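Report on one structure; see the data block that follows.
The values are calculated or read from the model by the stated rules, or taken from the named source; none is laboratory data. The model shown is predicted, which means the values in this text are computed figures rather than measured ones. Cβ atoms come from the backbone with ideal geometry, glycine included; neighbour counts cover every protein chain shown. Accessible surface is based on the protein model in full, side chains and every heavy atom, while ligands, DNA and RNA are left aside. Shrake-Rupley method; radii C 1.70, N 1.55, O 1.52, S 1.80 Å.
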Amino acid sequence: ANEMVSLALEAGAAEATMVEVVPLDHPLWKDLDEKCELRGVKGHKKVFADLNQPGDIGPWDVVYCSGVIYHMPDPVHTMLQLRSLCKRYLVLTSMIVPPRMSGPDGEVVLGEGQVVFVPAISGVTKSVCAAHLDALDIKIFGVNLNEPFVWHYGDTGPSRAGENSIHGSGVNYGPWWWLFTEEFVERLLTLAGFRVLDREETWAARAVSFLAERV
């Protein structure tokens, strides 16, 4: 996101704001300042906020959201919050999995409307998803990374310490809660009131970016 803020200003945007769920003393904000300085642009704004409870911020003509939606326990709610922050265009990038994944122990087929809810997987589903992610060199807690992890939603228990801890929201956004297919992400967009205008694979086909317009 910090890279996109500096690029937007360099391309002529009247203003650009970065919204993050980490406090303003986090190194991420310093990285934003450095990228803007390197590109010779000024006027960027910083907002410490939770996307799921954004408060009085926005809306903006264009909203860019990358690598976020599959970290959200309630992706429908999050997509509706993105719509509330968006005057016209949303650029949404999400990691995806194919509708059919195979591994040594079998096969997982995700038909229309089906996704993988990571906290609940086990057995063949976990094994096949782990094999798929291993082949892509992606490590995900609860799938192919077995470091002890406590899922946390609301006030149900403690979170894992370190970078995946709660940032004052009562929800742990560190883990990947979902493995989405491209079809499912598109359906989320249309459900929330967007029209998909274009799409493009990214991250060596590990993810897809959608250009969507609010309708």
The lone exception for Val76 - which of (1) modelled with pLDDT of 95 or more; (2) within 14 Å of the chain's Cα centre (by Cα); (3) closer than 30 Å to Ala14 by Cα it fails: (3)
Qualifying residues in the range 32-44 (those that are within 27 Å of Leu211 (Cβ to Cβ) and surrounded by 12 or more Cβ atoms within 10 Å (Cβ to Cβ)) - the one nearest to the chain's Cα centre (by Cα): Leu32
Leu133, sole failed condition from (1) modelled with pLDDT of 95 or more; (2) open to solvent by 70 Å² or more (accessible area, probe 1.4 Å); (3) more than 16 Å from the chain's Cα centre (by Cα): (2)
Residue list for the range 73-94, filter: in contact with a Leu (Cβ under 8 Å, 6 or more places away or on another chain), open to solvent by 20 Å² or more (accessible area, probe 1.4 Å) and in a helix (DSSP H, G or I): Val76, Gln81, Arg83
Val97 being part of a strand (DSSP E or B) and either in contact (Cβ under 8 Å) with a residue 24 or more places away in the chain or among the aliphatic types (A, V, I, L, M) (or both): no
Among (1) open to solvent by 30 Å² or more (accessible area, probe 1.4 Å); (2) farther than 26 Å from Trp176 by Cβ; (3) assigned to a loop (DSSP other than H, G, I, E, B), the one test that Asp61 misses: (3)
Total residues in the range 48-92, condition touching a Ser or Thr at 6+ places or on another chain (Cβ under 9 Å) and more than 26 Å from Trp203 (Cβ to Cβ): 5
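Does the range 113-120 contain any residue that is touching a strand residue (DSSP E or B) at 6+ places or on another chain (Cβ under 8 Å), modelled with pLDDT of 90 or more and within 17 Å of Glu182 (Cβ to Cβ)? Walk me through how you get there before you give the answer.
Taking the range 113-120 first, the residues touching a strand residue (DSSP E or B) at 6+ places or on another chain (Cβ under 8 Å) are 115-118.
Next, from what is left, pick out any that are modelled with pLDDT of 90 or more: 115-118.
Then drop every residue that is not within 17 Å of Glu182 (Cβ to Cβ), which leaves 115-116.
For the range 113-120, residues touching a strand residue (DSSP E or B) at 6+ places or on another chain (Cβ under 8 Å), modelled with pLDDT of 90 or more and within 17 Å of Glu182 (Cβ to Cβ): present.
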Number of positions in the range 100-128 that are in a strand (DSSP E or B) and either surrounded by 14 or more Cβ atoms within 10 Å (Cβ to Cβ) or not basic (Lys, Arg) (or both): 9
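Matching residues to (1) more than 30 Å from Gly123 (Cα to Cα); (2) touching a helix residue (DSSP H, G or I) at 6+ places or on another chain (Cβ under 9 Å):
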site: Gly55; (1), (2): yes, no
site: Val76; (1), (2): no, yes
site: Leu82; (1), (2): yes, yes
site: Leu85; (1), (2): yes, no
site: Pro98; (1), (2): no, yes
site: Ser102; (1), (2): no, yes
site: Glu107; (1), (2): no, yes
